[in-house]
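The structure appears right after this line, and notes come after that.
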Amino acid sequence: MAKILFLPGAGASPDFWKPVGALLPADWSKEYFGWPGLGDQPHDPAIKGIDDLVRMVAAKMDGPVDLVAQSMGGGIATRLAIEQPRNVRRLVLTVTSAGIDMAGLGASDWRESYRKSFPHAMPWITESRAAALLPVEQIAAPTLLLWGDADPISPVAVGRHLEQRISGARLHVVRGGDHDLAQTHAAEIAPLIERHLA
C-alpha cells in the first residue's frame, strides 16, 4: 500500500482531512500537510508561493504515493501527477480547481471571504493573477473526483469538465455537499476513497 499524502486547500490546516483519514484502515500510512503562512498556519519565510508548496510535497514523495487533495491542494496534486507520473500511484481530487478556467465554469470568487476569515494569511494566496492552466489530459494516475452539488466555489461543472479531460477519471457528486464536504460528509466519501486507493 502506498503512503497517502493528504493536501488541504487554502484553509491550510493539517487537521482538514483527519475526519476522512480516521475512517480509512488504521494500518495505512498517512501524512497530513499544512501550508505555512496560509489560513491560520505559522509563517515560513521560505514559502513564497505555490511552487514552494509543490516542492514541499515533492520532498516527501520517496517512491509512489497516493495524493488526496482538497481545492487549492488539488492544483498542487495535479502538478505533481503531471510532472512526476511515476511517483503518483492514485489521485483523489475534491472540489478542486486543478489548473482549469474556473470562472468560465461558473465558480464564484472566494478571495474576499477568505481574507475576512484569515486576515494574517500571506498576501500571495489572494493576489489576482489566475492560476496557470495545466494539461490535465497528461494525468496517468487513476483519478477519483469528489464534488458537492451545493458548492459555489467549485461547482459540479468543474468536476464534470475534469472527468471529460482526465482519462478514466470517475466523478462522484455528494448531495448537499459544499466546499467543506470532506469534513461534513466524511462518512460518505471515506469508503469511496478507500475503494479507489485499495
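Odds and ends about this structure:
- Per residue solvent-accessible surface (Å²) - the chain, probe of 1.4 Å: 46 Å²
- Surface composition of the chain: carbon and sulfur atoms hold 53% of the protein heavy-atom accessible area at a 1.4 Å probe.
- Aspartates and glutamates whose Cα lies under 20 Å from that of LYS18, excluding same-chain neighbours fewer than 8 positions away: ASP27, GLU31, ASP40, ASP66, ASP178, ASP180, GLU188, GLU194
- Straight-distance crosslink candidates among lysines, where the alpha carbon sits under 16 Å from LYS60 and sequence neighbours closer than 8 are dropped: LYS3, LYS30
- For the pair GLN183 and LYS18, label points projected 7 Å from Cα toward Cβ lie 1.2 nm apart.
- Charge dipole of the range 68-189 (Cα centre as origin; +1 on each Lys and Arg Cβ, -1 on each Asp and Glu Cβ, all else neutral): 340 debye, rounded to the nearest 20.
- In order along the range 73-85, the Karplus-derived 3J(HN,Hα) couplings, from 6.51 cos²θ - 1.76 cosθ + 1.60 at θ = phi - 60°, round to x, x, x, 5, 4, 5, 4, 5, 5, 7, 7, 10, x Hz, and Gly and Pro are given as x.
- Its Kirkwood hydrodynamic radius, worked out from the mean inverse distance over all distinct Cα pairs, puts the range 137-198 at 12.0 Å.
- Comparing GLU127, GLU31, GLU188 in a Gaussian network model of the chain (Cα springs below 10 Å), the most mobile by mean-square fluctuation is GLU127.
- Reach of LYS116 by Cα under 24 Å, taken over lysines that are not fewer than 8 positions away in the same chain: LYS48
- Positive end of the dipole of the chain (Cβ unit charges, origin at the Cα centre): among MET61, ALA132, ILE189, the Cα lying farthest that way belongs to MET61.
- Listed candidates (i) 18.7, 60; (ii) 18.9, 65; (iii) 15.3, 42 - label of the one calculated as Rg and Dmax of the Cα atoms in Å: (iii)
- By accessible area with a 1.4 Å probe, ligands and nucleic acids excluded, highest first: order of TYR114, TYR32: TYR32, TYR114
- Gyration tensor verdict on the range 132-171 (Cα atoms; rounded if a/c is under 1.5, prolate if a/b is larger than b/c, oblate otherwise): oblate
- The range 34-102 shape via C-alpha gyration tensor axes, a/c threshold 1.5: oblate
- Heavy-atom accessible area with a 1.4 Å probe sorts ARG115, ARG86, largest first, into ARG86, ARG115.
- Shape call, the range 1-69: gyration tensor on alpha carbons, a/c limit 1.5: oblate
- For the pair GLU194 and ALA58, the difference between a 0.36 nm per residue extended length and the Cα-Cα distance amounts to 46.7 nm.
- Added length on full extension, which subtracts the Cα-Cα distance from 0.36 nm per residue, ASP149 to LYS3: 49.6 nm
- Neighbours of LEU171 by Cβ distance under 10 Å: Lys/Arg scored +1, Asp/Glu scored -1, total +1.
The values are calculated or read from the model by the stated rules, or taken from the named source; none is laboratory data. None of the values given here were measured: they were computed from a predicted structure. Note that we place each Cβ from the backbone using ideal geometry, even for glycine, and neighbour counts take in every protein chain shown. Only protein heavy atoms, including side chains, enter the accessible area calculation; ligands, DNA and RNA are left aside. Shrake-Rupley method; radii C 1.70, N 1.55, O 1.52, S 1.80 Å.
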